[in-house]
Each structure stands twice: as structure tokens, then as C-alpha cells.
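Beneath this line is the structure, given in C-alpha cells, with notes to follow.
Computed from the coordinates by the stated procedures, all read-outs in this text should not be read as laboratory data. This is a predicted model, so every value here is computed, not measured. Note that each Cβ is placed from the backbone with ideal geometry, even for glycine, and that neighbours are counted across all protein chains shown.
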Amino acid sequence: MSKIGINGFGRIGRLVLRRLLETQDSNSVVAINDLTSPKVLAYLLKHDSNYGPFPGAWTLRKIR
């Protein structure tokens, strides 16, 4: 099992997350680092103009 952190959540970072969530392997995304607020990043993932809407569900958690 690999724990993955994504540094930057632009077009490529969002695509990486989509592909990781679509595969049924044991990888786990544990962190996303970006300057933008988490609410905006969630909106961009859900309403992607290049790859279509994201069908999955997720939760935002603040650790600290």
C-alpha cells in the first residue's frame, strides 16, 4: 500500500487523482498541497471542463 501526496492540483494533479481513484489498487491519497482553498479545489474536481464531471464522492477534512 502506497500513501500518495499530490503537490499542485492543477490540470495534471486533478487528472492524477481521478486515475488513482478509478483504479482498484491499494494506493491511498493522503494529502493535496495547493495554494487555493479546499472548497475551490473540490469544485474544480467536480466540474472539470476537460474530462467531465467527477462521479465520485469525497470529504474535506482539516487535520490541524
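Stretching the chain fully between residue 43 and residue 60 yields a gain of 5.0 nm (0.36 nm per residue, less the alpha carbon separation).
With θ taken as phi - 60° and the Karplus curve 6.51 cos²θ - 1.76 cosθ + 1.60 applied, the whole-hertz 3J(HN,Hα) list for region 44-60 is 5, 5, 5, 10, 6, 7, 8, 10, x, x, 7, x, x, 10, 8, 10, 9 Hz, x standing for glycine and proline. Comparing mean-square fluctuations of 17, 35, 45 from a GNM of the chain with C-alpha springs under 10 Å, the top value falls on 35.
Rounded to the nearest 500, what is the 222 nm mean residue ellipticity of the chain from helices alone, with -39500 (n - 2.57) per DSSP H run of 4+ residues and division by all residues?
-10000 deg cm²/dmol
I need to check one value: relative contact order of the chain, counting alpha carbon pairs closer than 8 Å and at least 6 residues apart, in percent. List each step's numbers first, then the result.
On the way: 49 pairs, mean separation 21.4, N = 64.
In percent, rounded to a whole number, it is 33.
Leaving out same-chain residues fewer than 8 places away, which aspartates and glutamates sit with a Cα under 14 Å from that of residue 3? Candidates past the 8-residue exclusion: 25.
The slack between residue 21 and residue 4, meaning 0.36 nm per residue of separation minus the straight C-alpha distance, is 5.0 nm. Calculated on the Cα set of region 3-53, radius of gyration then Dmax: 10.7, 29 Å.
The distance between label points at residue 50 and residue 28 comes to 2.9 nm (points 7 Å beyond Cα on the Cα→Cβ vector).
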